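The structure appears below as structure tokens.
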Amino acid sequence: SRPPEQKQDYLSMVGHLKSALDGPAARAALSLPWLPVFTLVLWAIHPWFAGLAAALIAIAAALRLTYHAMAAAPSTALLSAQAQESRSMQDAQQVSSQPALGELSHNLLARFVAALGQRSSLEDQLSPLRVISASLEAYLRSLTQLLGLSLGAALVVQGDLSAGGMIAASLILTKTVSSLEAAFASVDNLK
């Protein structure tokens, strides 16, 4: 029989593994091996679909990189402000337990309030960037579906594709781009 502490450690590890496998990063990782298959199928349906997929993926990557470039400085400052806020609160709690240091406690609480205000200001700076980024990503998802169907309809009218091929290519195109977007997002969440 194992000691209770070791059993608790095993249960904790199993819980962490379950959380990791149940999260969006695992789903994105399981989708990645299918991307070359999806791209080949798009190429087999019609090479323009593979080109469209590559262009949309490049746009999604450019949007993500632009967001990170614009949000880098405020995000770093936000992390610093959060750390300062936490340190100030811990210091104030330690000092407040000693009645002889009442004035110091007030100063530390004032520092905490200042750090809280700085964090709030930085979050206000980042909020529009996050909203714009999320809106552009949603627009790109809608655009992917619309462009896939439009390209398919044009190819059907020209006689280069069947109606079934148009629907299949549109669905596969959407899945390809959304899988890569999910992979980008999961990489961001791991940072």
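The values are calculated or read from the model by the stated rules, or taken from the named source; none is laboratory data. Note that this is a predicted model, so its numbers are computed, not measured. Every residue, glycine among them, receives a Cβ derived from its backbone with ideal geometry; neighbour counts consider all protein chains shown. Surface accessibility is based on the protein's heavy atoms, side chains included, excluding ligands, DNA and RNA. Shrake-Rupley method; radii C 1.70, N 1.55, O 1.52, S 1.80 Å.
Descriptive notes on the structure:
- Check on S31, closer than 24 Å to A138 by Cβ, modelled with pLDDT of 75 or more, among the hydroxyl-bearing types (S, T, Y) and within 30 Å of the chain's Cα centre (by Cα): yes
- Looking across region 144-191, just one residue is more than 21 Å from R130 (Cβ to Cβ) and among the basic types (K, R), and that is K175.
- Restricting G148, G117, G152, G165 to those that are among the small types (G, A, S), open to solvent by less than 30 Å² (accessible area, probe 1.4 Å), over 29 Å from R64 (Cβ atoms) and in a helix (DSSP H, G or I) reduces the list to G165.
- Failed item, numbered, when L146 is tested on (1) closer than 14 Å to A53 by Cα; (2) in contact (Cβ under 8 Å) with a residue 12 or more places away in the chain: (2)
- Residue in region 112-131 that is on the phi < 0 side of the Ramachandran plot and touching a Phe, Trp or Tyr at 6+ places or on another chain (Cβ under 9 Å) present: yes
- In region 156-180, residue farthest from the chain's Cα centre (by Cα) [restricted to those that are closer than 26 Å to A25 by Cα and of a type in the set (V, I, T)]: I172
- When S186, S150, S162, S179 are checked against the criterion of being under 14 Å from T39 (Cα atoms) and of a type outside the set (A, V, I, L, M, F, W, C), S179 stands alone in meeting it.
- Candidate set from region 59-79 (those that are touching a Leu at 6+ places or on another chain (Cβ under 8 Å), modelled with pLDDT under 85 and not hydrophobic (A, V, I, L, M, F, W, C)); member that is most open to solvent (accessible area, probe 1.4 Å): S75
- If you go through region 16-53 and keep only what is surrounded by fewer than 14 Cβ atoms within 10 Å (Cβ to Cβ) and within 19 Å of L161 (Cβ to Cβ), you end up with L40, A44, P47, G51.
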